[in-house]
Amino acid sequence: MEKPEMMQENLKRPWHERIDPVTKLLLIAVLTLLSFVLTNIFAEAALILATIFLLLFSGKLGSSMKALGFCAFMILTMLLIQGLFYPHNETLAFSLGAIAFYQEGLTYAALLGCRIIVIVLATNFFMRTTTISENAKYLENAGMKYKTVYLLMSVCYILPQMMQNLKKIQLAQRARGIGEQKSLIQKFKTILPILIPLVIKTLDQSMSRSISLQLRNFESKKRTVRALRRTYLMDKMFHRVLGLTSIILIGCKVWMLINK
């Protein structure tokens with residue numbers, strides 16, 4: 001039975017903190033699968049709008065929009081390549097001198113770009129509204145092995161860690177007299193040489209944490225799982241509904257591929 005003090009504390013928390021981490025993970029899965037099931041660009045735009053509202057009502061929209069800068073270059077590249085070389089190009093959209101862009105390729109690239117935006121925004125909702133310790137504690141109490149929990153958390157938090165490392169590198173560059181670049185092309189030229197060291201540093205940090213946990217014997221069967229200090233809103237019901245929705249969406253996508 002939940003104590004009255006704990007009940008009052010739970011009611012004071014924002015709505016997104018009263019939703020358990022597994023529900024948020026399943027919500028990401030549903031939004032991602034739905035984006036792949038939808039084939040209409042306007043439906044994809046509506047899904048992006050719904051994801052933006054989700055972030056807006058949780059107060060995390062401003063910090064999440066910055067993550068789109070990482071995928072903006074990729075989306076622009078897709079528009080360029082698919083607009084020129086998509087195999088089903090037929091209808092001319094516009095031309096720049098001798099270079100012709102086609103409607104079919106641009107539409108296909110825009111659809112892929114919308115899916116990337118949905119995935120990035122939905123993932124940011126999960127990462128901005130939960131902490132690593134909260135996720136690990138809940139998943140362990142749900143019966144998941146700590147090794148699996150650590151692997152899942154490492155994957156989910158690679159992008160935020162890369163962004164944190166990038167900020168440190170940029171601060172170090174400014175301290176050495178490298179000024180902040182204003183245009184997108186200048187920023188890309190500045191970031192490009194440090195991408196490989198950035199990825200290597202992030203992976204090295206993950207390996208160091210893994211070795212540290214092994215030395216502390218975190219995989220021991222005698223290890224005590226920390227008890228949850230908070231309760232969540234209708235977590236079991238959300239798990240069933242979102243899990244069933246995910247299965248239905250997977251079935252719809254398989255059916256679409258079979259009948260394509």
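The values are calculated or read from the model by the stated rules, or taken from the named source; none is laboratory data. As the structure is a computational prediction, the values presented were derived from the model and not from experiment. No Cβ is skipped: glycine too gets one built from the backbone with ideal geometry, and neighbour counts run over all protein chains shown. To get the accessible areas, we keep the full protein, side chains included, count just its heavy atoms, and leave off ligands, DNA and RNA. Shrake-Rupley method; radii C 1.70, N 1.55, O 1.52, S 1.80 Å.
Just add up the charged neighbours of F36: K/R +1, D/E -1, any other residue whose Cβ is under 14 Å from the Cβ of F36.
My count for the surroundings of F36 gives +2.
Using the Cβ atoms and a cut-off under 12 Å, what net charge is assigned to the surroundings of H239, where Lys and Arg are +1 and Asp and Glu are -1?
For residues surrounding H239, the net value is +1.
At R176 and I41, where each label point lies 7 Å from the Cα along Cα→Cβ, what is the point-to-point distance in nanometres?
Rounded to a tenth, the inter-label distance reads 4.3 nm.
Note the full-extension length gain between L152 and V241 as 0.36 nm times their separation in residues minus their Cα-Cα distance, in nm to one decimal.
29.8 nm
Carbon and sulfur: what percent of the range 63-139's accessible surface (1.4 Å probe)?
Here it works out to 69 percent.
Rounded to the nearest 0.05, what FRET efficiency is calculated for S208 and A50 with R0 set to 41 Å and r the Cβ-Cβ distance?
The value I calculate is 0.60.
Is there a pair in K66/K236; K145/K253; K60/K137; K201/K253 whose C-alpha atoms are over 27 Å apart, and which pairs would that be?
K66/K236; K145/K253; K201/K253
Given a 1.4 Å probe and heavy atoms of the protein chains only, how would you sort V37, V241, V149, largest accessible area at the top?
V241, V37, V149
Could you list the residues of the range 193-208 with an amide nitrogen less than 15 Å from a label point located 7 Å from the Cα of I132 in the Cα-to-C-beta direction?
Only 201-208 pass the distance filter.
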